[in-house]
Amino acid sequence: VMRTYQFVYNTPTKVFFGDGAIGHLDEALSQYGKKVLMVFDKNTAKFTGLYDVVTGVFKDKGYQWWELSSVD
């Protein structure tokens, strides 16, 4: 017996580009609460310094976060 399900799958994406884009991070995340799963490639994020910038925003704005850093 084949069953069919009706559902809506919605994956909106908002991307901020350019100088100062990191300044929108709190604005973009705060509407979802203060818990974040951060998914990234550890080597690239740390080498470029982006990891420190993002986690700095998390600390300053009171976010709690978990890391999945084995993404290649």
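Could you tell me whether the range 20-38 includes any residue that is among the aromatic types (Phe, Trp, Tyr) and either surrounded by 10 or more Cβ atoms within 10 Å (Cβ to Cβ) or in contact (Cβ under 8 Å) with a residue 60 or more places away in the chain (or both)? Reasoning before the result, please.
Our first condition is that a residue be among the aromatic types (Phe, Trp, Tyr); within the range 20-38, this holds for 32.
When the remaining residues are screened for being either surrounded by 10 or more Cβ atoms within 10 Å (Cβ to Cβ) or in contact (Cβ under 8 Å) with a residue 60 or more places away in the chain (or both), the result is none.
Within the range 20-38, none of the residues are among the aromatic types (Phe, Trp, Tyr) and either surrounded by 10 or more Cβ atoms within 10 Å (Cβ to Cβ) or in contact (Cβ under 8 Å) with a residue 60 or more places away in the chain (or both).
Selection over the range 39-72 of residues that are open to solvent by 40 Å² or more (accessible area, probe 1.4 Å), part of a helix (DSSP H, G or I) and β-branched (Val, Ile, Thr) gives a count of 3. Taking the range 14-48 as the range and being closer than 17 Å to Asp60 by Cα and small (Gly, Ala, Ser) as the test, the residues that pass are Gly20, Ala21, Gly23, Ala28, Ser30, Gly33. Based on this model, can you work out whether Phe7 counts as part of a loop (DSSP other than H, G, I, E, B) and touching a His at 6+ places or on another chain (Cβ under 9 Å)? Here the answer is no, as Phe7 does not meet what is asked. Restricted to the range 32-72, and to residues there that are of a type in the set (Lys, Arg) and over 12 Å from the mean Cα position of the chain (by Cα), the residue that is farthest from Ile22 (Cα to Cα) is Lys42. Confirm whether Val57 is of a type in the set (A, V, I, L, M) and modelled with pLDDT of 90 or more. For Val57, the condition - of a type in the set (A, V, I, L, M) and modelled with pLDDT of 90 or more - is met.
When residues in the range 22-38 are screened for being within 22 Å of Leu68 (Cβ to Cβ) and not in a loop (DSSP other than H, G, I, E, B), 10 of them pass.
Looking for something in contact (Cβ under 8 Å) with a residue 24 or more places away in the chain and either surrounded by 13 or more Cβ atoms within 10 Å (Cβ to Cβ) or not aliphatic (A, V, I, L, M) (or both) - is there at least one such residue anywhere in the range 5-14? For the range 5-14, residues in contact (Cβ under 8 Å) with a residue 24 or more places away in the chain and either surrounded by 13 or more Cβ atoms within 10 Å (Cβ to Cβ) or not aliphatic (A, V, I, L, M) (or both): absent.
The values are calculated or read from the model by the stated rules, or taken from the named source; none is laboratory data. Note that the structure is predicted; figures quoted are calculated from it, not measured. Neighbour counts are summed over all protein chains in view; Cβ atoms, including those assigned to glycine, are modelled from backbone coordinates with ideal geometry. For accessibility, only protein heavy atoms count, side chains too; no ligands or nucleic acids. Shrake-Rupley method; radii C 1.70, N 1.55, O 1.52, S 1.80 Å.
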